[in-house]
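Have a look at the structure below before the remarks.
The values are calculated or read from the model by the stated rules, or taken from the named source; none is laboratory data. Bear in mind the structure is a predicted one, so any value in this text is a computation, not a measurement. Counting neighbours? That spans all protein chains shown, and the Cβs are built from the backbone with ideal geometry, glycine included.
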Amino acid sequence: MSIKNHLTTLRSKHQELDRSVASLEAAPAADSLHITQLKKEKLQLKEEITDLEAKITRH
């Protein structure tokens, strides 16, 4: 898989997590532990996206 394709996949996963977090936060009985876990996963994806984007711009 090329870096650009991988970036596209990561961005898609990031957006999906963003929607999931927003949906869970809007729920009356939101599970804060689950939301926190999703936010950590989202942050890890964002960091990986940023690193890959930096690699692309350096080349």
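Checking each residue of the range 47-54 against the condition of being out of contact with any Asp or Glu (no Cβ under 7 Å at 6 or more places or on another chain), touching a residue at least 40 places away in the same chain (Cβ under 8 Å) and among the charged types (D, E, K, R) gives at least one match. Taking the criterion of being small (Gly, Ala, Ser) and either in a helix (DSSP H, G or I) or in contact (Cβ under 8 Å) with a residue 24 or more places away in the chain (or both), the residues of the range 13-46 that qualify are 20, 22, 23, 26, 32.
Of all the numbered requirements in (1) small (Gly, Ala, Ser); (2) touching a helix residue (DSSP H, G or I) at 6+ places or on another chain (Cβ under 9 Å); (3) at pLDDT below 95, residue 29 misses one, and that requirement is (2).
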